[in-house]
Amino acid sequence: MWCAACGRTGSAGDDGHERCTAALELDTPRFCTRCGRRLDVQVYPTGFSATCRRCDGVHPRDRGRSMEDHDPTD
Amino acid sequence: MPVAATTPERNAAAVAALVADPEKLLRTVEEALLDRRETISADQAYALAEVDVDATLPGDDGEDRTVLDAMLDLAHRVRVAWTSEEVALESIVSGKTGGCPEDCAFCSQSSVFETLVKPQPLLTEAEVLQAAASAEAEGATEFCIVYAVRGPDERLMQNILDLTAVVHEKTRMHVAVSAGILTAEQAQRLHDAGVVKYNHNLEAARSFFPSIASTHTWEERWETLDLVRDHGMEVCSGGIVGMGETPTQRAELALELAEFRPTETPLNFLNPRPGTPLGDAEPLTPREALHAIALFRLVLPWTLLRLAGGREIALQDLQSAGLLGGVNGLIIGNYLTTLGRAPQDDVKMLRDLDIPVRGLQDLL
């Protein structure tokens, strides 16, 4: 298990990750919680995508809004 | 217009006299802005930046109030008198994230620093259109596409021109662009393509800028603003406060912007990003942020003063105080690489404050 905010072992809220919880309030996940790899992140006005190339998929959402919440264009 | 040759002049004795008498300072500022409808002097601006905002003044109702409260109240009345009751909402998207060769000390997109931002390719047309449509649905009437570059190369220029056309075709939003330093030919092409407004922030006062970036100069930024204006686009230029500048340098930045008369002035608050030289900086307190807002409004009475990045961190629970302290624009939703408040929360806040939103009725 890797911290989505800092990429070290553990997770936001654990001992040594106190600042990570606050960081994720106004930032996207930056590291894959499965493998610790840095994520490809794209921020949009009403959401974001955070993708791990190794784990091949959209990172599990740590906050309520992600790309899936986007309104369809057409 | 030639590049500004000097820092706006500061008469130390005159500023000190105004700072020592905040009641007179605010009265003379009010007389200039509301009675004579004139902009204020450089000395008044410096005094507004340097005055003790926690000092108390007698209020009209017999209750004492702080200098800051009086400044915010005046700034609100000035913005209503010089602009309108309406607040304009804008959303932004990063069209190209990271990998920027510039070394701006506040920026997590600089390739010079080891930050958490991983460079990303240009957004596709579909992604930009989706971002624009979702922002429009939330109430934004302006959409700014921002690129982390020194300036656009031909491939990027073509991308900008194509995206401007498609966003205009598919939405009702005004398109603004921010793509760094321009040539005259590029400025002309952007104008011809329908780019209404070009953003290029001065970022910091001229005297402070060398502490922020070394790969380009403040004067280069100014020259691009010249090109933008000369080619018929509206100038959008502001800066970031809380980077270690003095209050006097905040006034200097506002005065330098005033010389240029930007249509819009985005006011950002430093959000210290890990890995940047300013990553460990202490954010402004809410009262410091409110002081900066009122100062910028009083120096730039005509401008669309827009609360931008970092407002969640600097203002915290006092977002509404900013809207009642001189602000008439908001960036809603997320920023380029970080998250913002939910747009619905900002729209609700505006409704609660009974502040009309530009263009929102057209959308409902």
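The values are calculated or read from the model by the stated rules, or taken from the named source; none is laboratory data. Source: prediction; values computed, not measured. Don't worry about glycine lacking a Cβ; one is built from the backbone with ideal geometry, like all the others, and counts go over all protein chains shown.
The table for this structure:
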read-out	value
Boolean, residue A:12 is over 25 Å from residue B:131 (Cβ atoms), out of contact with any strand residue (DSSP E or B) (no Cβ under 6 Å at 6 or more places or on another chain), modelled with pLDDT under 90 and within 13 Å of another protein chain (Cβ to nearest Cβ)	no
Lone unmet requirement of (1) farther than 15 Å from residue B:224 by Cα; (2) in contact with a His (Cβ under 8 Å, 6 or more places away or on another chain) for residue B:150	(1)
Members of region B:273-285 that are touching a helix residue (DSSP H, G or I) at 6+ places or on another chain (Cβ under 6 Å) and surrounded by 19 or more Cβ atoms within 10 Å (Cβ to Cβ)	B:284
Some residue of region B:250-258 being among the basic types (Lys, Arg) and farther than 18 Å from residue B:288 by Cβ	no
Qualifying residue in region B:162-181 (condition: in a strand (DSSP E or B), touching a Cys at 6+ places or on another chain (Cβ under 7 Å), under 22 Å from residue B:109 (Cβ atoms) and not hydrophobic (A, V, I, L, M, F, W, C))	yes
So residue B:114, is it within 12 Å of chain A (Cβ to nearest Cβ), over 28 Å from residue B:227 (Cα atoms), assigned to a helix (DSSP H, G or I) and among the acidic types (Asp, Glu)	no
Filter result for residue B:90 (of a type in the set (D, E, K, R), within 12 Å of chain A (Cβ to nearest Cβ), in contact (Cβ under 8 Å) with a residue 12 or more places away in the chain and within 22 Å of residue B:341 (Cα to Cα))	yes
Hits in region B:150-159 (condition: in contact (Cβ under 8 Å) with a residue 60 or more places away in the chain and assigned to a helix (DSSP H, G or I))	B:156, B:159
Residue B:180 being under 30 Å from residue B:245 (Cβ atoms) and of a type outside the set (A, V, I, L, M, F, W, C)	yes
Subset of region B:100-110 [of a type in the set (Ser, Thr, Tyr) and either at positive phi or in contact with a strand residue (DSSP E or B) (Cβ under 6 Å, 6 or more places away or on another chain) (or both)]	B:110
Among residues of region B:21-43, those that are surrounded by 16 or more Cβ atoms within 10 Å (Cβ to Cβ), free of Cβ contacts under 8 Å to residues at least 40 places away in the same chain and within 23 Å of the chain's Cα centre (by Cα), counted	2
Scope region B:333-353; condition of a type in the set (Gly, Ala, Ser) and either surrounded by fewer than 16 Cβ atoms within 10 Å (Cβ to Cβ) or touching a Ser or Thr at 6+ places or on another chain (Cβ under 8 Å) (or both); matching residues	B:333
Residue check, residue B:119 surrounded by fewer than 22 Cβ atoms within 10 Å (Cβ to Cβ) and out of contact with any strand residue (DSSP E or B) (no Cβ under 6 Å at 6 or more places or on another chain)	yes
Single match in B:323, B:315 (criterion: within 13 Å of chain A (Cβ to nearest Cβ), closer than 24 Å to residue B:80 by Cα and hydrophobic (A, V, I, L, M, F, W, C))	B:315
Failed item, numbered, when residue B:187 is tested on (1) farther than 20 Å from residue B:96 by Cα; (2) assigned to a helix (DSSP H, G or I)	(1)
Evaluation of residue B:145 against (1) of a type outside the set (Gly, Ala, Ser); (2) part of a strand (DSSP E or B); (3) out of contact with any strand residue (DSSP E or B) (no Cβ under 6 Å at 6 or more places or on another chain) (one fails), failing number	(3)
Region B:190-227, residues that are part of a helix (DSSP H, G or I) and over 22 Å from residue B:7 (Cβ atoms)	B:190, B:191, B:192, B:227
From B:307, B:270, B:330, residue being away from chain A (no Cβ under 14 Å), surrounded by 23 or more Cβ atoms within 10 Å (Cβ to Cβ) and within 16 Å of the chain's Cα centre (by Cα)	B:307
Subset of region B:137-152 (residues that are surrounded by fewer than 23 Cβ atoms within 10 Å (Cβ to Cβ) and at the interface with another protein chain (Cβ under 9 Å from one of its Cβ atoms))	B:137, B:138
Filter pass, residue B:124 being of a type in the set (Val, Ile, Thr) and free of Cβ contacts under 8 Å to residues at least 24 places away in the same chain	yes
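Residues checked against (1) in contact with a Lys or Arg (Cβ under 9 Å, 6 or more places away or on another chain); (2) buried (at least 16 other Cβ atoms within 10 Å of the Cβ); (3) under 28 Å from residue B:140 (Cα atoms); (4) at pLDDT 90 or above:
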{"position": "A:49", "(1), (2), (3), (4)": "no, yes, yes, yes"}
{"position": "A:60", "(1), (2), (3), (4)": "yes, no, no, no"}
{"position": "A:65", "(1), (2), (3), (4)": "no, yes, yes, no"}
{"position": "A:68", "(1), (2), (3), (4)": "yes, no, yes, no"}
